[in-house]
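These notes concern the structure reproduced below.
The values are calculated or read from the model by the stated rules, or taken from the named source; none is laboratory data. As the structure is a prediction and not an experimental result, all values here were calculated from the model. Here Cβ is always computed from backbone atoms with ideal geometry, including for glycine, and neighbour counts include all displayed protein chains. With ligands, DNA and RNA removed, areas are computed over all heavy atoms of the protein, side chains included. Shrake-Rupley method; radii C 1.70, N 1.55, O 1.52, S 1.80 Å.
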Amino acid sequence: MEKLIDPFARPISYLRVSVTDRCDFRCVYCMSEHMTFLPKKELLTLEELDRLCSTFVHMGVEKLRITGGEPLVRRDILKFFQSMSRHLDSGALRELTLTTNGSQLERFAKPLYEAGVRRVNVSADTLDAEKFAQITRWGRLPQVLRGIEAALAAGLRVKLNAVALKGFNEDELFTITEWCAERGMDLTWIEVMPMGDIGNEDRLDQYWKLSDLRARLSEQYTLTDLAESTGGPARYVRLEETGQKVGFITPLTHNFCESCNRVRLTCTGELFMCLGQEDRADLRSALRNHPDSDAALEAAIRAAIERKPEGHDFDYSRQSVEGRVSRHMSHTGG
């Protein structure tokens, strides 16, 4: 089958799939405390998610990242991972992975490994239990730390994703770095993004430029720039003293779009061709209206990829927290 190529000659080989908009945390930069979640009937069933993801795999997607909300709170989600493992076995899919808050990893780590998952990204912005409870509202740090240890024990490689927040975790820069290094974990710092009105946070006050963070790291470590690119937003360095890889995702200070190889599928079957644009394609209709053939679904996917823009539309220059994207991150998938 002809592979997916966007209008700027970029092959689309990476699909991020949100399997739920629900989460057991309420991180202050991601959700309001009293979120209204989608009615369950609007969500794709696990069987529909399987069919959609399998169609993308047949069209050349080689990496599948499962996200949410918190993907591991989706009922029977392990069955989905187990089903997707057939594409790993066939060689069509090179990687099946997920991004999680870690709350459910203690019980899921081993079965995820058995389903073919080899690495996970865990989102955690602090190693201070009190601050963790404050920023996640509902989260408890010991539960997450047990999940990380279970993942490492199961043989999974774990990367920590931390959102850089001025006045919140600046003082933990070296603590978090060393904690990850001791466990053989890589670390990625993410600039806070202007997504969704969450009512009670001012992201301009939280904004911590990663160029400043990097400069502080270089005071204590020798940073070697790495040429590798995943087609994604991160720029990587190696800390020579620890050997670990540290990534910087800077959507607001670095245009990372030139090699973008990914699209995002929501739990309702909307395909976002760019995280930083509102344009989307409805794949659920093609999926549900043609249960016996994938032809309409494949045509809808190709038509959507033809609309993939060259770059995103994030902007803090106007000094407004809305940016240009009105939906919550939990809707699109982290």
request  = In square nanometres and to one decimal, what's the mean projected area of the convex hull around the Cα atoms of region 86-229?
outcome  = 10.5
Packing-based order for 171-181, 157-167, using average beta carbon neighbours within 10 Å, highest first = 157-167, 171-181
message = Counting only helical runs of four or more DSSP H residues, what would the 222 nm mean residue ellipticity of the chain come to if each run contributes -39,500 (n - 2.57) and the total is spread over all its residues?
response = -9000 deg cm²/dmol
inquiry  = Return the Rg/Rh ratio of region 1-73 with Cα-based radii and a Kirkwood Rh.
reply    = 1.07
message = I need the GluC sites (Glu not before Pro) found in region 1-108, filtered to DSSP loop residues with at most 12 other beta carbons within 10 Å of theirs.
response = Glu2, Glu33
ask   = Which order do peptides 236-243, 263-270 fall in by mean Cβ count within 10 Å, highest first?
value = 263-270, 236-243
query = Using a 1.4 angstrom probe with every protein chain in place, what is the largest-first accessible-area order of Ser85, Ser123?
reply = Ser123, Ser85
inquiry  = Quick check on my link table: of Lys63/Lys166; Lys40/Lys79; Lys131/Lys245; Lys79/Lys245, which ones sit more than 29 Å apart, alpha carbon to alpha carbon?
reply    = Lys63/Lys166; Lys79/Lys245
request  = Could you please state how large a percent of the accessible area of the chain is carbon and sulfur, counting protein chains only and using a 1.4 Å probe?
outcome  = 48
ask   = With Cβ to Cβ distances under 13 Å as the rule, what net charge do the other residues near Ser218 carry (K, R +1; D, E -1)?
value = -2
query = With a sphere of radius 9 Å drawn around the Cβ of Phe25, what net charge do the other residues whose Cβ falls strictly inside it have (Lys, Arg +1; Asp, Glu -1)?
reply = 0
query = Per-residue accessible area for Lys209 at 1.4 Å probe radius, Å² rounded to 10?
reply = 90
request  = Counting only DSSP beta bridges with both residues in the chain, tell me the antiparallel percent, nearest 5.
outcome  = 30
ask   = Separation of region 4-22 and region 253-300 by C-alpha centroid, Å?
value = 7
ask   = So, in Å, what gap is there between the alpha-carbon centers of region 64-87 and region 118-195?
value = 21
37 °C / 0.692 mPa s Stokes-Einstein diffusion coefficient of the chain, Kirkwood radius on C-alpha pairs, µm²/s = 161
Percent of Cα pairs exceeding the 12 Å cut-off, where the set is region 32-77 = 73
message = Going by amide H atoms built from the backbone, whose H comes under 5 Å of the H on Arg157, apart from near neighbours?
response = Arg119, Val120
